[in-house]
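Notes follow once the structure below has been shown.
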Amino acid sequence: MAGLIALVVVVALIVGLAYSSLRIVREYERAIIFRLGRLMGAPKGPGLFVLIPIVDRMVKVDLRTITLQVPPQEVITRDNVPVRVNAVAYFRIVDPKAAIVQVENYMVATSQISQTTLRSVLGQHSLDELLSEREKINSLLQGIIDEQTAPWGIKVSVVEVKDVEIPQGMQRAMARQAEAERERRAKVINAEGEFQASERLKDAALVIEDHPIALQLRYLQTLLELGSSQATTIVFPAPIDFLQSFMKPRGGDSSS
């Protein structure tokens, strides 16, 4: 009876050890194996593999793209404007061994690098550049962060500046500046229109000077336009030459 119990115990231990030695890694994961603290070859997976109980230790690494929210950062722009900026970075692990061996915590390290790079890069640009050249700044951030995280086996694909918070006083100043700019453009356009109209009037005066009949034709056209209106009373100028024919004294009415 005692021998049977011992056999059952041994079989249970063997089954337990065999079960604990089996590992399954998904398609988007890789397993880094340490045997007695020493890194063992290439990453394992995906699929089923066996570990040596007690001797081997496994660390899983996710190869999917990770979305990293960069916390809001207080930045002083090149033209001394305080702004509050946050961003988002997308990266993935391309070398699982480096991500585990070369850095203690790749998520924390990448986040810290992203924050310091964000402050450094935006501090070298003016507020106008930050607002109008967002794509250029995003590309610059991506290149710097990717270069700094490459030794950790990380590939940064995209960095996007999300929100730029400007102080209320600066917002009002920018609104006044935009309004003044619109007024300036309106005045310039109005002046251009006046200049072009004066040029056309000058050309018309030259034509009338060379061809006096043109003035008579324009006068008749004006009378035609006035006649088509709904007004009951129409006042129009008459040429002096036209009225002089009525002002001449008649031959039979000469006084003695």
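The values are calculated or read from the model by the stated rules, or taken from the named source; none is laboratory data. Since the model is a prediction, treat every value here as computed from it, not as a measurement. Note that we place each Cβ from the backbone using ideal geometry, even for glycine, and neighbour counts take in every protein chain shown. Calculation scope for accessible area: heavy atoms of the full protein, side chains included, ligands and nucleic acids excluded. Shrake-Rupley method; radii C 1.70, N 1.55, O 1.52, S 1.80 Å.
Put a dot 7 Å past the Cα of E135, heading toward its Cβ, do the same for R176, and the two dots end up 3.4 nm apart. Once the chain from M1 to M107 is taken as fully extended at 0.36 nm per residue, the excess over their C-alpha distance is 32.5 nm.
Between L39 and V10, the modelled labels are 4.1 nm apart [label points 7 Å from Cα along Cα→Cβ]. List the residues of the stretch 28-56 whose backbone N lies under 11 Å from a point placed 7 Å from the Cα of R64 along the Cα-to-Cβ direction. Under 11 Å, as judged by backbone N against the label point of R64, lie 28-29 of the stretch 28-56. The alpha-carbon of K97 sits under 28 angstrom from the alpha-carbons of these lysines, leaving out residues fewer than 8 places away in its chain: K44, K60, K155. For A87, the residues whose modelled amide H falls within less than 5 Å of its own, excluding neighbours fewer than 5 places apart on the same chain, are V70, K162. At 1.4 Å probe size, with every protein chain present, just tell me what the per residue accessible area of the stretch 1-76 comes to in Å². Per-residue accessible area for the stretch 1-76 comes out at 69 Å². Heavy-atom accessible area for D163, with the other protein chains in place and a 1.4 Å probe, reaches approximately 80 Å².
Stretched out fully, how many nm does the piece from I24 to Q196 gain, at 0.36 nm a residue minus the Cα gap?
Numbers: separation 172, 0.36 × 172 = 61.92 nm, distance 8.06 nm.
Extra length available between I24 and Q196 comes to 53.9 nm.
Based on protein heavy atoms only, the stretch 124-212 ends up with 71 Å² per residue of surface accessible to a 1.4 Å probe.
Taking all protein chains as they are arranged and a probe of 1.4 Å, the heavy atoms of T222 leave approximately 50 Å² accessible to solvent.
With every protein chain kept in the model, how would you rank I33, I54 by accessible area, 1.4 Å probe, largest at the top? Walk me through the intermediate numbers first.
Details: I33 10, I54 165 Å².
Ranking I33, I54 by accessible area, largest first, yields I54, I33.
Given a 1.4 Å probe and the protein chains as shown, M107 ends up with an accessible area of around 70 Å².
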